[in-house]
Amino acid sequence: MSTYVNRLGEDLPRIGAAPAGSAAAVWSLDTTLDAVGGHRIDEAPAILDAGERERAALMVRAGDRHRYLASHVGLRVLLGGYLGLAPRDVVLVREDCPCCDGPHGRPAVAGGEVHFSLSHSGDLAYLAFAAVPVGVDVEALPSAAAVEDVLTTLHPAETAELSALPAAERAQALGRVWSRKEAYFKGTGTGLALGLAEPYVGSGPTPSPVPGWHLTDLPAPPAYAAALAVRA
(Lines give C-alpha, C1' and ligand atoms only; values in the text may rest on other atoms or scores of the structure.)
Protein backbone atom coordinates (compact mmCIF):
# COMPACT_ATOMS: atom_id res chain seq x y z
CA MET A 1 0.00 0.00 0.00
CA SER A 2 1.51 3.32 -1.06
CA THR A 3 0.06 6.63 0.05
CA TYR A 4 0.41 10.07 -1.46
CA VAL A 5 1.17 12.88 0.99
CA ASN A 6 -0.87 16.01 0.32
CA ARG A 7 0.51 19.39 1.34
CA LEU A 8 -1.51 21.74 3.52
CA GLY A 9 -0.42 25.35 3.11
CA GLU A 10 -1.63 28.83 3.91
CA ASP A 11 -4.68 28.77 1.63
CA LEU A 12 -7.95 26.89 2.03
CA PRO A 13 -7.26 23.35 0.74
CA ARG A 14 -9.25 21.28 -1.72
CA ILE A 15 -10.04 18.40 0.60
CA GLY A 16 -12.44 16.12 -1.25
CA ALA A 17 -14.51 13.29 0.20
CA ALA A 18 -13.60 11.55 3.44
CA PRO A 19 -11.61 8.32 2.95
CA ALA A 20 -13.61 5.08 2.82
CA GLY A 21 -12.77 1.46 3.55
CA SER A 22 -9.12 1.00 4.50
CA ALA A 23 -7.96 3.99 2.45
CA ALA A 24 -6.26 6.90 4.23
CA ALA A 25 -5.61 10.52 3.36
CA VAL A 26 -2.31 11.94 4.59
CA TRP A 27 -1.28 15.60 4.73
CA SER A 28 1.98 17.33 5.62
CA LEU A 29 2.26 20.80 7.13
CA ASP A 30 5.04 23.31 7.74
CA THR A 31 4.13 24.41 11.27
CA THR A 32 6.08 27.68 11.03
CA LEU A 33 3.51 29.17 8.62
CA ASP A 34 1.70 32.31 9.79
CA ALA A 35 -1.56 31.04 8.27
CA VAL A 36 -2.86 27.50 7.75
CA GLY A 37 -5.80 26.49 5.58
CA GLY A 38 -7.05 30.06 5.27
CA HIS A 39 -6.79 30.87 9.00
CA ARG A 40 -4.15 33.08 10.62
CA ILE A 41 -2.35 31.46 13.52
CA ASP A 42 -2.64 34.59 15.66
CA GLU A 43 -6.42 34.07 15.46
CA ALA A 44 -6.21 30.38 16.40
CA PRO A 45 -7.82 30.74 19.87
CA ALA A 46 -11.15 31.52 18.16
CA ILE A 47 -11.01 28.14 16.40
CA LEU A 48 -9.64 25.85 19.11
CA ASP A 49 -11.47 24.42 22.13
CA ALA A 50 -10.72 25.20 25.78
CA GLY A 51 -8.41 22.22 26.21
CA GLU A 52 -6.31 23.14 23.18
CA ARG A 53 -6.07 26.76 24.29
CA GLU A 54 -4.98 25.66 27.76
CA ARG A 55 -2.26 23.36 26.43
CA ALA A 56 -0.97 26.10 24.13
CA ALA A 57 -0.89 28.62 26.98
CA LEU A 58 1.29 26.28 29.07
CA MET A 59 4.04 26.25 26.42
CA VAL A 60 6.85 28.57 27.49
CA ARG A 61 8.62 28.80 24.13
CA ALA A 62 6.87 30.90 21.51
CA GLY A 63 8.07 28.61 18.73
CA ASP A 64 6.64 25.52 20.41
CA ARG A 65 3.34 27.30 20.96
CA HIS A 66 3.17 28.44 17.32
CA ARG A 67 3.88 24.92 16.05
CA TYR A 68 1.18 23.48 18.31
CA LEU A 69 -1.39 26.07 17.22
CA ALA A 70 -0.55 25.61 13.53
CA SER A 71 -0.88 21.82 13.70
CA HIS A 72 -4.22 21.99 15.53
CA VAL A 73 -5.63 24.63 13.21
CA GLY A 74 -4.61 22.36 10.34
CA LEU A 75 -6.25 19.38 12.03
CA ARG A 76 -9.52 21.25 12.49
CA VAL A 77 -9.50 22.65 8.93
CA LEU A 78 -9.10 19.16 7.48
CA LEU A 79 -11.53 17.44 9.85
CA GLY A 80 -14.06 20.20 9.20
CA GLY A 81 -13.67 19.66 5.47
CA TYR A 82 -14.27 15.92 5.73
CA LEU A 83 -17.20 16.34 8.14
CA GLY A 84 -18.83 19.36 6.50
CA LEU A 85 -18.29 21.52 9.59
CA ALA A 86 -16.60 24.81 10.38
CA PRO A 87 -13.21 24.14 12.05
CA ARG A 88 -14.42 25.59 15.38
CA ASP A 89 -17.45 23.24 15.37
CA VAL A 90 -15.40 20.04 15.33
CA VAL A 91 -15.72 18.37 18.76
CA LEU A 92 -12.63 16.45 19.87
CA VAL A 93 -12.72 13.79 22.59
CA ARG A 94 -10.48 11.09 24.04
CA GLU A 95 -11.25 7.39 23.71
CA ASP A 96 -10.71 5.07 26.67
CA CYS A 97 -7.18 3.73 26.99
CA PRO A 98 -7.03 0.10 25.77
CA CYS A 99 -4.50 -0.70 28.52
CA CYS A 100 -6.28 0.69 31.60
CA ASP A 101 -9.68 2.02 30.39
CA GLY A 102 -8.69 5.53 31.57
CA PRO A 103 -9.90 8.56 29.56
CA HIS A 104 -6.55 9.12 27.85
CA GLY A 105 -6.69 6.90 24.79
CA ARG A 106 -6.62 7.96 21.14
CA PRO A 107 -7.85 11.46 20.33
CA ALA A 108 -11.05 11.19 18.32
CA VAL A 109 -13.95 13.12 16.82
CA ALA A 110 -17.20 12.95 18.76
CA GLY A 111 -19.35 10.45 16.91
CA GLY A 112 -16.34 8.72 15.34
CA GLU A 113 -17.27 9.47 11.72
CA VAL A 114 -13.64 10.06 10.77
CA HIS A 115 -10.58 8.67 12.54
CA PHE A 116 -7.42 10.77 12.59
CA SER A 117 -3.85 10.90 13.79
CA LEU A 118 -1.44 13.82 14.18
CA SER A 119 2.34 13.68 14.50
CA HIS A 120 4.97 16.40 14.50
CA SER A 121 8.74 16.58 14.60
CA GLY A 122 10.69 19.82 14.41
CA ASP A 123 8.80 22.17 12.08
CA LEU A 124 6.99 19.36 10.26
CA ALA A 125 3.59 17.80 10.99
CA TYR A 126 1.84 14.86 9.35
CA LEU A 127 -1.93 14.31 9.64
CA ALA A 128 -3.77 11.15 8.61
CA PHE A 129 -7.51 10.49 8.21
CA ALA A 130 -9.44 7.26 7.61
CA ALA A 131 -12.78 5.56 8.16
CA VAL A 132 -11.06 3.09 10.53
CA PRO A 133 -8.44 3.55 13.28
CA VAL A 134 -5.28 5.10 11.85
CA GLY A 135 -1.89 6.17 13.12
CA VAL A 136 0.76 8.35 11.51
CA ASP A 137 4.25 9.24 12.64
CA VAL A 138 7.04 11.46 11.36
CA GLU A 139 10.44 11.49 13.01
CA ALA A 140 13.71 13.34 12.56
CA LEU A 141 16.42 10.71 12.11
CA PRO A 142 18.08 9.89 15.45
CA SER A 143 21.63 10.68 16.46
CA ALA A 144 24.23 7.94 16.84
CA ALA A 145 23.86 8.20 20.63
CA ALA A 146 20.07 7.80 20.37
CA VAL A 147 20.54 4.69 18.22
CA GLU A 148 22.68 3.11 20.94
CA ASP A 149 20.19 4.07 23.67
CA VAL A 150 17.22 2.50 21.88
CA LEU A 151 18.90 -0.48 20.23
CA THR A 152 18.32 -3.08 22.95
CA THR A 153 14.70 -2.03 23.65
CA LEU A 154 13.49 -3.18 20.21
CA HIS A 155 12.37 -6.60 19.06
CA PRO A 156 15.42 -8.93 19.23
CA ALA A 157 15.34 -9.43 15.45
CA GLU A 158 15.32 -5.65 14.89
CA THR A 159 18.21 -5.24 17.31
CA ALA A 160 20.15 -7.89 15.37
CA GLU A 161 19.34 -6.23 12.03
CA LEU A 162 20.49 -2.80 13.18
CA SER A 163 23.61 -4.15 14.87
CA ALA A 164 24.64 -5.84 11.64
CA LEU A 165 24.52 -2.58 9.68
CA PRO A 166 27.46 -0.19 9.24
CA ALA A 167 27.22 2.61 11.80
CA ALA A 168 26.51 5.16 9.06
CA GLU A 169 23.32 3.32 8.02
CA ARG A 170 21.81 2.73 11.46
CA ALA A 171 20.11 6.12 11.89
CA GLN A 172 18.06 5.71 8.70
CA ALA A 173 17.15 2.14 9.60
CA LEU A 174 16.15 3.06 13.15
CA GLY A 175 14.09 5.96 11.78
CA ARG A 176 12.11 3.43 9.75
CA VAL A 177 11.63 1.13 12.74
CA TRP A 178 10.67 3.92 15.12
CA SER A 179 8.18 5.64 12.79
CA ARG A 180 6.52 2.32 11.93
CA LYS A 181 6.12 1.36 15.58
CA GLU A 182 4.88 4.81 16.60
CA ALA A 183 2.32 4.82 13.79
CA TYR A 184 1.06 1.42 14.97
CA PHE A 185 0.96 2.51 18.63
CA LYS A 186 -1.00 5.64 17.71
CA GLY A 187 -3.43 3.57 15.69
CA THR A 188 -4.05 1.14 18.56
CA GLY A 189 -4.04 3.89 21.20
CA THR A 190 -1.59 2.07 23.47
CA GLY A 191 1.28 4.51 23.02
CA LEU A 192 4.54 3.27 24.54
CA ALA A 193 2.82 1.73 27.57
CA LEU A 194 3.70 -1.83 26.48
CA GLY A 195 7.27 -1.06 25.39
CA LEU A 196 8.97 -1.06 22.00
CA ALA A 197 9.66 -4.74 21.43
CA GLU A 198 6.33 -5.69 19.85
CA PRO A 199 5.24 -5.75 17.13
CA TYR A 200 8.12 -6.70 14.89
CA VAL A 201 8.09 -4.21 12.00
CA GLY A 202 11.55 -4.77 10.51
CA SER A 203 14.25 -2.27 9.60
CA GLY A 204 14.48 -2.91 5.87
CA PRO A 205 13.01 -0.85 3.04
CA THR A 206 9.61 -2.59 3.35
CA PRO A 207 7.74 -2.96 6.67
CA SER A 208 7.16 -6.46 7.97
CA PRO A 209 3.45 -7.43 8.00
CA VAL A 210 1.61 -6.72 11.26
CA PRO A 211 -1.56 -8.82 11.78
CA GLY A 212 -4.73 -6.76 11.53
CA TRP A 213 -3.00 -3.65 10.18
CA HIS A 214 -1.78 -2.18 6.90
CA LEU A 215 1.64 -0.66 7.58
CA THR A 216 3.48 1.46 5.02
CA ASP A 217 6.33 3.94 4.88
CA LEU A 218 5.48 7.47 3.72
CA PRO A 219 7.49 9.91 1.61
CA ALA A 220 9.40 12.27 3.91
CA PRO A 221 11.97 15.07 3.53
CA PRO A 222 15.68 14.27 3.87
CA ALA A 223 16.70 13.46 7.46
CA TYR A 224 13.14 12.35 8.34
CA ALA A 225 11.26 9.06 8.35
CA ALA A 226 7.48 8.66 8.30
CA ALA A 227 5.00 5.79 8.39
CA LEU A 228 1.28 5.07 8.36
CA ALA A 229 -0.72 2.32 10.08
CA VAL A 230 -4.36 1.63 9.10
CA ARG A 231 -6.48 -1.07 10.72
CA ALA A 232 -7.32 -3.80 8.21
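The values are calculated or read from the model by the stated rules, or taken from the named source; none is laboratory data. It should be emphasised that the depicted structure is a prediction, and the values quoted were computed from it without experimental measurement. Here the Cβ is made from the backbone with ideal geometry for all residues, glycine too, and neighbour counts use every protein chain on show. To get the accessible areas, we keep the full protein, side chains included, count just its heavy atoms, and leave off ligands, DNA and RNA. Shrake-Rupley method; radii C 1.70, N 1.55, O 1.52, S 1.80 Å.
Every condition in (1) open to solvent by 50 Å² or more (accessible area, probe 1.4 Å); (2) in contact (Cβ under 8 Å) with a residue 60 or more places away in the chain; (3) over 19 Å from residue 218 (Cβ atoms) is met by residue 18 except one, and the failing one is (1). Do you know which of the residues in segment 171-193 that are polar (S, T, N, Q) and part of a helix (DSSP H, G or I) is most open to solvent (accessible area, probe 1.4 Å)? My answer is 172. Under the condition of being modelled with pLDDT of 85 or more, among the small types (Gly, Ala, Ser) and open to solvent by less than 20 Å² (accessible area, probe 1.4 Å), the residues counted in segment 93-120 number 3.
Restricting attention to segment 46-85, the residues that are of a type in the set (Ser, Thr, Tyr) and either more than 17 Å from the chain's Cα centre (by Cα) or open to solvent by 30 Å² or more (accessible area, probe 1.4 Å) (or both) add up to 1.
Looking only at segment 121-142, residues that are of a type outside the set (Ser, Thr, Tyr) and either open to solvent by 10 Å² or more (accessible area, probe 1.4 Å) or outside any strand (DSSP E or B) (or both) come to 10 in all.
Can you tell me which residue among 143, 119, 179 is in contact with a Phe, Trp or Tyr (Cβ under 7 Å, 6 or more places away or on another chain) and under 29 Å from residue 33 (Cα atoms)?
Working: 143 fails: in contact with a Phe, Trp or Tyr (Cβ under 7 Å, 6 or more places away or on another chain); 179 fails: in contact with a Phe, Trp or Tyr (Cβ under 7 Å, 6 or more places away or on another chain).
Of 143, 119, 179, the one residue that is in contact with a Phe, Trp or Tyr (Cβ under 7 Å, 6 or more places away or on another chain) and under 29 Å from residue 33 (Cα atoms) is 119.
Residue check: residue 88 meets all listed conditions (1) in a helix (DSSP H, G or I); (2) surrounded by 16 or more Cβ atoms within 10 Å (Cβ to Cβ); (3) not small (Gly, Ala, Ser) but one, namely (2).
Under the condition of being outside any helix (DSSP H, G or I) and surrounded by 13 or more Cβ atoms within 10 Å (Cβ to Cβ), the residues counted in segment 152-170 number 3. Can you work out which of the residues in segment 201-215 that are touching a Leu at 6+ places or on another chain (Cβ under 9 Å) and part of a loop (DSSP other than H, G, I, E, B) is most open to solvent (accessible area, probe 1.4 Å)? Going through the qualifying residues, I end up with 209. Summed over segment 21-39, residues that are part of a loop (DSSP other than H, G, I, E, B), over 18 Å from the mean Cα position of the chain (by Cα), surrounded by 13 or more Cβ atoms within 10 Å (Cβ to Cβ) and not aliphatic (A, V, I, L, M) total 2.
Only one of the numbered conditions (1) farther than 17 Å from residue 225 by Cβ; (2) in contact with a strand residue (DSSP E or B) (Cβ under 8 Å, 6 or more places away or on another chain); (3) surrounded by fewer than 21 Cβ atoms within 10 Å (Cβ to Cβ) is violated by residue 145, and that is (2).
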